[in-house]
Amino acid sequence: MYKRCFHATALIVLMSIVSATVGAMNVSRFSLPDGTEVQLRQFPTPGNTLLLWFACDEGMGTAESAAAVELAKRGISTWLPDMLGAYFLPMAPSSMESLPAEQVAAIIDRAQKSGKRLYL
């Protein structure tokens, strides 16, 4: 009986640790080949899928983070690079067109090196 209670307690503790870490956001910075510093919000999971999410012309908001948390609960890691902020661009459709394609490609290359199945 005690052994069964111990196993049940251990399982509850393990589940709470896993649920607390799934959807947790990490914020880091990295340099692009042109020297520009990009803030990267990551929502890691042990799963094998990575969504590289470039924000629209309205920039990064709380809706994107909330969606990334929900995706992480389903085993999909998400990266949210702040490209507009990195280049000090205003939130406007023309800003997205101003981003250097080579630098966007560098972020995609970085995501591919994660070894996960990548979606853009």
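The values are calculated or read from the model by the stated rules, or taken from the named source; none is laboratory data. Keep in mind the model is a prediction, meaning the values are calculated, not measured. With ideal geometry, Cβ positions are generated from the backbone for all residues, glycine too; neighbour counts draw on all protein chains shown. Each accessible area value is taken on the protein alone, full model and side chains, heavy atoms only, with ligands, DNA and RNA left out. Shrake-Rupley method; radii C 1.70, N 1.55, O 1.52, S 1.80 Å.
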Between E97 and T36, the FRET efficiency computed from the C-beta separation at R0 = 30 Å comes out, to the nearest 0.05, as 0.95
What is region 57-114's relative contact order, in percent, from Cα pairs under 8 angstrom and six or more apart in sequence?
-> 36
In sequence order, calculated HN-Hα J values of region 38-52 (Karplus, 6.51, -1.76, 1.60; Hz; x Gly/Pro) | 10, 7, 10, 8, 10, 10, x, 9, x, x, 9, 10, 10, 9, 9
Any chance you could run the full-extension gain for Y87 through S114? It's 0.36 nm times the residue separation minus the Cα-Cα distance, nm to one decimal.
-> 7.3 nm
Karplus 3J(HN,Hα) series, Hz, for region 101-109 with 6.51 cos²θ - 1.76 cosθ + 1.60 (x for Gly, Pro) | 4, 5, 6, 5, 4, 5, 5, 4, 4
Projected label distance in nm at N26 and A66, using a 7 Å step from Cα toward the beta-carbon | 2.6
Ranking by accessible area, most exposed first, for Y87, Y119 with a 1.4 Å probe | Y119, Y87
